[in-house]
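Values in this text are rule-based calculations from the coordinates and carry no lab data. Bear in mind the structure is a predicted one, so any value in this text is a computation, not a measurement. Note: ideal-geometry Cβ built from the backbone for every residue, glycine included; neighbour counts use all protein chains shown.
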Amino acid sequence: MCGIFGYIGKDDPLKTCILGLEQLEYRGYDSTGIAGLVDGQIAVCKEVGKLSKLKEKLTLERLEIAIGHTRWATHGKVTPVNAHPHQDFQDSIALVHNGIIENYDALKDEMQKQGVRFQTETDTEVLTNLISKFYEGDLVAAVQKALSHVKGHFAFALLHKAHPGEIVVAARECPLSIGVDDERTESIISSDPNAFLGKKLNILFLRGDEIAKVERGKVSVFDKNLNPIAKKTERLDAGSGAPSKEGFEHFMLKEIHEQPSTIQKAYLGRFEDGLVQFESLSHDFRSASQVCFIGCGTSAHAGAIGALFLEDLAGIPSHYEIASEARYRLLPQNTLVVAISQSGETADTISAVREMKSRGFKVLGICNVKNSTLTRETDGCIFLKAGTEVSVCSTKAFTSQITVLYLFALYFSGKGNIDELKKIPAQIEKVLEQEPRIQHIAKKYSRYDNFFFMGRRYMFPTCMEAALKLKEISYVNANGYAAGELKHGPIALIDSNFPVIAFCANHQTEEKIVSNLQEVKARGAPILALAPEHLKGISKIADDVIWLPETTDPLSPFASTVAGQLFAYFVAKERGCDIDQPRNLAKSVTVE
Ligand code: F6R
């Protein structure tokens, strides 16, 4: 995945590049690096770890142009030598890359036979040397020749010491945007159009092996045969700059606390005169006879809840598929595909969308980030309006997703009301008020390394989501199971060192989950139950209970989710984990 940034213009390229990388760090933080030109020579500085490490140890002072990179490792360990930018064996090119060169091994073998020596384990170094091999004075032509030999998906930016005023960029499937100001005094390259430092720019997006020569205030774009092409530019809303923790210790905690308001933002103005209206939809998607939700991780869990909403509230057969698997499945004709993604950049989701569209299915996006790839590639998009989610661990985006999905089910059904939904923000406040108690309980459970999370119906995807939160930020083994499934194998793992977190808020299946709890209690599991206030008897079975406000079954995921988020947060805190940027992860996963 990774983030790439580049700058030529009136401002200090080095400082601008650092600011750009700050905004792209969500795409990976295994290592960071910057390269630029100084007096006709390439200068590079790179460090393992977050951007703050690079800033501490920065050896660069002045650059004439700059490219930068923030890495989520794919090929090669997290080491200084594998960090980007990479250089060719002649030290004339520096290159930053997002994506994967699938045939890098074969290309490397071939070049090694021709005498090229490689320093790293990366596919990027292979790409850099390939371009160097084809270079005969024209950088764009060298890139074009190299692209015809490369398999995979990528976006990259490079500079050459003999071309002091240009950065050459190219993209296949991975996002790359270039912005130029009205006065033509600067050009910025970024993996994310929202990382243009709040500047008002005319922005274009590269696709399908397009190559661009980027100069100060000027961009020339070529297709894969080197024919010049006129690209349409867009004027995007300038982002509002870096978000703040607003006094909370972590972005995750701040974002958990934002939920009463972000949920409101997701439904306000969208239910008028008894009908749901999504302001951004020009197409009517309701002629579909079934719906397939796709997404990854947390967004897939939202899709699982969305499928239940569609069936229960609108009577439309629905299911969800994990996006990386969805593209291989057969779907009945007249299926509407709903792609859910907070970032709108998740490669697995985008690839599935492209596949579904190529098969003729209509695809609706549900997304938080404006101008992201998903929003440009779907037949329509509903926005979450949750504001920037900074913490890698997704919280407020999930509850906004299920709010939008609830409305979406009402939109399909053409009837219903949102009276119960409107009570949810206040109910979440009630859960947030229990924070000290949840912290106390989390402290007690933080010594365990294995957990089962279990639930039925609406609580099944809800418990999978809660288990995901715990494992990603606390590094403990937590698995979400349909409670009825435990006895078909997993229960063999249960002992007094294996707590069960039981999500009991689905009324329809309440009696069954109580029986399942008896089964795990009989085998010695410590039990934490998340239960609605009326289920008083649960305290005789569970060791600890987090009490939740009463609501309907479809709306039960909200309060349970927030309690699960707080539980995961405080377990991670107790275990001393890096909560906002957990190891091995990135906010936006742009490789398949
Ligand atoms: C978990 C988490 C991930 C993302 C997943 C999809 O807390 O954040 O599981 O939900 O990578 O990301 P988006 O929604 O951006 O497509």
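Couple of notes before you dig in:
- Compactness relative to 2.2 N^0.38 Å, alpha carbon Rg of segment 69-123: 1.11
- Rounded, prolate or oblate (a/c below 1.5 giving rounded, otherwise prolate when a/b exceeds b/c) for segment 428-592 by Cα gyration tensor: rounded
- Dividing the radius of gyration of the alpha carbons in segment 3-237 by their Kirkwood radius gives 0.93 for Rg/Rh.
- Gain in span if fully extended, residue 423 to residue 202, counting 0.36 nm per residue against the direct Cα distance: 75.3 nm
- Per-residue 3J(HN,Hα) values for segment 155-164, derived from phi via the Karplus relation 6.51 cos²θ - 1.76 cosθ + 1.60 with θ = phi - 60°, read 9, 8, 9, 9, 10, 10, 5, 8, 10, x Hz in sequence order (x marks Gly and Pro).
- This ranking places 457, 286, 216 by how few other beta-carbon atoms lie within 10 Å of each, fewest first, which gives 286, 216, 457.
- Whole-Hz couplings from phi, Karplus 6.51/-1.76/1.60, listed for segment 280-287; x for Gly and Pro: 8, 9, 9, 9, 9, 8, 7, 7
- Beyond 28 Å in Cα-Cα separation lie the following of the pairs 396/471; 46/573; 423/487; 245/370; 15/200: 46/573; 423/487.
- Furthest towards positive pole of dipole, 412, 459, 146, structure part the chain, Cβ charges: 459
- When the alpha-carbon atoms of the chain are used, the pair Rg, Dmax equals 25.2, 79 angstrom.
- Where a label projected 7 Å from the Cα of residue 57 along Cα→Cβ would reach, residues of segment 18-47 with amide N under 16 Å: 29-35, 44-47
- Once the chain from residue 448 to residue 508 is taken as fully extended at 0.36 nm per residue, the excess over their C-alpha distance is 18.5 nm.
- Ratio Rg/Rh [Cα only; Rh per Kirkwood] for segment 90-221: 0.98
- FRET efficiency for the pair residue 232 and residue 280, taken as 1/(1 + (r/R0)^6) with r the Cβ-Cβ distance and R0 = 25 Å, rounds to 0.80.
- Residue 114/residue 329 FRET efficiency (R0 45 Å; Cβ-Cβ; nearest 0.05): 0.55
- Placing unit charges on the Cβ atoms only, positive for Lys and Arg and negative for Asp and Glu, gives segment 118-186 a dipole magnitude near 360 debye about its Cα centre.
- Computed about the Cα centre, the dipole magnitude for the chain is approximately 300 debye when only Lys and Arg (+1) and Asp and Glu (-1) carry charge, each at its Cβ.
- At R0 = 56 Å, FRET efficiency that the Cβ-Cβ distance of residue 487 and residue 584 yields, to 0.05: 0.95
- Solvent-free Debye scattering, log10 I(q)/I(0), computed from the Cα coordinates of segment 247-422 at q = 0.12, 0.18 Å⁻¹: -0.50, -1.13
- Listed by number, the DSSP H helices of the chain that run 24 Å or longer by alpha-carbon position along their axis and have mean Kyte hydropathy of at least -0.5 are 297-314, 396-413, 557-574.
- Estimated [θ] at 222 nm from DSSP helical runs (n ≥ 4, -39500 (n - 2.57)) normalised by residues in the chain, nearest 500: -10000 deg cm²/dmol
- Segment residue 552-residue 138, length gained on full extension (0.36 nm per residue, minus Cα span): 142.5 nm
- Peptide packing for 356-365, 29-38, 521-530 was compared via the average number of neighbouring C-beta atoms within 10 Å per residue; ordered from the highest value, the list is 29-38, 521-530, 356-365.
- Nonlocal amide H pairs with residue 378, under 5 Å, H built at 1.01 Å: none
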